[in-house]
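The values are calculated or read from the model by the stated rules, or taken from the named source; none is laboratory data. This structure is a prediction, so every number in the text was calculated from the model and none was measured. Cβ placement follows ideal geometry from the backbone for every residue including glycine, while neighbour counts extend to all protein chains displayed. Surface accessibility is based on the protein's heavy atoms, side chains included, excluding ligands, DNA and RNA. Shrake-Rupley method; radii C 1.70, N 1.55, O 1.52, S 1.80 Å.
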Amino acid sequence: MKKVPAEPLPRATLEIRGVSLYQGFLDRETQEQMVEDLRAVVAAAPLFQPETRRGQKMSVRMTSAGKVGWVSDRRGYRYEPSHPQGMGWPPIPASVLSVWNAVAGSDRGPDCCLVNYYGEGARMGLHQDRDEADFEQPVVSISLGDDALFRIGNLTRGGKTESIWLTSGDVLVMGGAARLVYHGIDRLRPGSSALLPNGGRINLTMRVAR
DNA sequence: AAGTAACG
DNA sequence: GAAT
């Protein structure tokens with residue numbers, strides 16, 4: 001298989017602790033296309049509300065697209081080739097893949113796109129994305145819908161943190177030395193975006209899982 | 001602790 | 001925001 005050179009990377013609007021932020025990366029039309037594509041994803045692989053490995057419900061609802069999807073239950077955090085309800089994961093939409101191609105700087109494609117839906121009041125505690133096999137590969141994150149307060153910590157628990165508001169169309173890359181940085185979502189700003197008819201926020205994270 | 005909450 |  002011939003290796004395809006990665007695109008030259010666009011310039012980040014902001015770097016925080018090694019995390020690259022591309023604010024306003026997606027125009028409104030592209031965001032709308034993505035939301036339409038995601039309707040098909042959710043129709044094929046319904047959102048579910050996972051539990052942490054200690055059995056507590058997370059406040060986000062999630063599903064995945066790609067060869068594997070991220071799942072969580074008392075058996076732990078892992079990537080699985082099928083949805084907890086038994087069906088396969090649908091393919092990652094082209095509109096989403098094009099973002100990876102633009103900013104990942106990788107010669108591989110993602111094999112998982114985790115789709116997280118944050119309703120009003122949903123949060124995600126500080127955590128690392130560490131269930132993948134190769135930490136040389138970045139994680140690319142897309143924000144759609146309501147603004148969210150994103151918090152960035154350190155490579156280990158504890159210490160000072162920094163926060164920044166993410167808005168619809170922002171793209172963020174955790175790679176290199178920042179690949180394993182702790183991060184999370186503290187809160188939404190309800191009603192701040194009209195992209196999603198029923199409000200809330202969608203976060204897409206593309207990963208190379210294996 | 002991919003959670004929650006008390007406390008500063 | 002830090003600590004548990």
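Extending 7 Å from the Cα toward the beta-carbon at both A:GLN23 and A:SER192 defines two label points whose distance is 1.2 nm.
Can you classify the range A:58-107 as rounded, prolate or oblate using the Cα gyration tensor, where a ≥ b ≥ c are the square roots of its eigenvalues, rounded means a/c under 1.5, and otherwise it's prolate if a/b beats b/c and oblate if not? Kindly include the intermediate steps, with their values, before the conclusion.
Values: a/c = 2.20, a/b = 1.85, b/c = 1.19.
It is prolate, given that a/c is not under 1.5 and a/b is the larger ratio.
In order along the range A:120-125, the phi-based Karplus estimate (6.51 cos²θ - 1.76 cosθ + 1.60, θ = phi - 60°) of 3J(HN,Hα) comes to 4, x, 6, 9, 9, x Hz; Gly and Pro are listed as x. Local charge for A:LEU126 was computed over the other residues whose Cβ lies under 15 Å away, with Lys and Arg +1 and Asp and Glu -1, and equals +4.
Taking only the alpha carbons of the range A:86-181, we obtain Rg and Dmax values of 14.3, 42 Å in that order.
Remark: spin-label model distance A:SER59-A:ARG78 equals 2.9 nm, labels positioned 7 Å along the Cα→Cβ axis.
Given axes a ≥ b ≥ c from the Cα gyration tensor, I'd like to know whether chain A is rounded (a/c under 1.5), prolate (a/b larger than b/c) or oblate. Judged from the Cα gyration tensor, chain A comes out rounded (a/c under 1.5).
Computed over the alpha-carbon atoms, the range A:6-46 gives an Rg to Rh ratio of 1.15, Rh here being the Kirkwood radius from the mean inverse distance.
From the helices alone, meaning DSSP H stretches of at least four residues, give me the mean residue ellipticity at 222 nm for chain A, per-run term -39500 (n - 2.57), in deg cm²/dmol to the nearest 500. Kindly include the intermediate steps, with their values, before the conclusion.
On the way: 2 runs with 27 residues, N = 210.
When only DSSP H runs of four or more count, the value is -4000 deg cm²/dmol.
Tell me the Kirkwood hydrodynamic radius of the range A:159-210 in angstroms, computed as one over the mean inverse distance between distinct C-alpha pairs. Working shown, then result.
Details: mean 1/r = 0.0739 Å⁻¹.
When all Cα pairs of the range A:159-210 are included, the Kirkwood radius is 13.5 Å.
Please compute the per residue accessible area over the range A:1-123 with all protein chains in place, 1.4 Å probe, rounded to a whole number of Å². Can you show the working numbers first?
Values: 6980 Å² over 123 residues.
Solvent-accessible surface per residue comes out at 57 Å².
Expressed as a whole percentage, what fraction of the accessible surface of chain A belongs to carbon and sulfur atoms when a 1.4 Å probe is rolled over the protein heavy atoms? Kindly include the intermediate steps, with their values, before the conclusion.
On the way: 5120 of 10520 Å².
That fraction is 49 percent.
In whole Å, what is the distance between the alpha-carbon centres of the range A:123-176 and the range A:39-87? Cα centroid to Cα centroid, the span is 19 Å.
Return a whole-number percent for the relative contact order of chain A, with Cα pairs under 8 Å and 6 or more residues apart as the contact set.
Values: 510 pairs, mean separation 53.2, N = 210.
For chain A, the relative contact order is 25 percent.
For A:GLU51 and A:LEU155, the FRET efficiency from 1/(1 + (r/R0)^6), where r spans their Cβ atoms and R0 equals 41 Å, is about 0.95.
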